[in-house]
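The values are calculated or read from the model by the stated rules, or taken from the named source; none is laboratory data. Keep in mind that this is a model prediction, so the values were computed, not measured. Ideal geometry is used to build each Cβ from the backbone, glycine not excepted, and the neighbour counts take in all protein chains shown.
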Amino acid sequence: MTTVVITGSTKGIGRGLAEECARRGYNAVICSRNADDVARAAEEIARSGNGRCSGIACDNTDKSQLQALWDHAVGQYGNVDIWVNNAGVATSRYAVHELPEDLTRTLIGSNLLGTTFGSQVAINGFRNQGHGALYNVLGGSFDGKRLVPNMGVYSSTKAGIHLLTQYLVDENKDTGIVIGSISPGMLITENWFSEQQQLSDDEWQKIRPMLNILCDHVETVAPWLIEQVLANKQSGKRIAWLTGGRITRRMFAAKVLRRPRDLFSRYGL
């Protein structure tokens, strides 16, 4: 049975991916820094699907804890087929020069250092067992072609992950290990809401129409992402949900056909 390890997976897109794996009957291995959150989420995920789910507390800036996560997965299910480096932090409230030192360290540590350590653990494990697929989660502006206000440090870490993934593809091209990346787009999650709470009502109403075009719910995106991951055999592939074509079609529906999406009414917004 397929075993999928997903870091940062007690909430948000990580949890959505784990739930989809369990729904399909696979083994999902989850983690976060809080052991109680992991235990609660693992029970709920296992109960909601046909597969099994377990996990441990894990700080992805500590390589030994990521190795313990690998060892837990192998001990529970025999091997790891897919490893997804999803754990990370985002913020959209600060220009680069205004970002507090502690948050700067958290962003770079969790996003870039954590993904590097996770990749090292997964690649070494895959080489030892003879197979596996590694996916690193990117943001929407990882290539720097479009500068998003107040996302400078976050976007820089995601650009670093993009380059790291390219190196991993090259270094493992003759091993049979599949290396790829996932761009889930702009998702409405708990962390997303905490960021939006910093806005005034006027600011919110101003950006709401565009957010209805760009954003998605986790339950919409996660099944498609897992389907693509399971089907992919090509190393170097970027699995992207929010493509230019999808944005264009949504813009046309909202502006020309006058059929805008309304993603926020369920939250009373």
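Structure values in brief
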quantity: Residue that is farthest from residue 137 (Cα to Cα) [pool: residues in the stretch 218-249 that are assigned to a helix (DSSP H, G or I) and in contact with a Leu (Cβ under 8 Å, 6 or more places away or on another chain)]; calculated: 247
quantity: Lone qualifier among 259, 250 - being over 22 Å from the mean Cα position of the chain (by Cα), crowded, with 17+ Cβ neighbours inside 10 Å, modelled with pLDDT of 90 or more and of a type in the set (D, E, K, R); calculated: 250
quantity: Enumeration of residues in the stretch 80-110 that are aliphatic (A, V, I, L, M), under 16 Å from the mean Cα position of the chain (by Cα) and more than 18 Å from residue 198 (Cβ to Cβ); calculated: 82, 84, 87, 108
quantity: Candidate set from the stretch 1-44 (those that are in a helix (DSSP H, G or I) and of a type in the set (Val, Ile, Thr)); member that is farthest from residue 217 (Cα to Cα); calculated: 38
quantity: Qualifying strands (runs of 3 or more DSSP E) (wholly inside the stretch 111-201; at least 1 residues being on the phi < 0 side of the Ramachandran plot and of a type in the set (Gly, Ala, Ser)); calculated: 133-137, 178-183
quantity: Residues being surrounded by fewer than 22 Cβ atoms within 10 Å (Cβ to Cβ), modelled with pLDDT of 95 or more and of a type in the set (Ser, Thr, Tyr) - total across the stretch 129-182; calculated: 2
quantity: Which numbered condition residue 254 misses (of (1) closer than 18 Å to residue 183 by Cα; (2) of a type outside the set (D, E, K, R); (3) touching a residue at least 12 places away in the same chain (Cβ under 8 Å)); calculated: (1)
quantity: Identity of the residue in the stretch 31-51, touching a helix residue (DSSP H, G or I) at 6+ places or on another chain (Cβ under 8 Å) and without any contact (Cβ under 8 Å) to a residue 40 or more places away in the chain, that ends up farthest from residue 2 (Cα to Cα); calculated: 41
quantity: When residues of the stretch 45-78 are limited to those that are basic (Lys, Arg) and not in a strand (DSSP E or B), the one farthest from residue 17 (Cα to Cα); calculated: 63
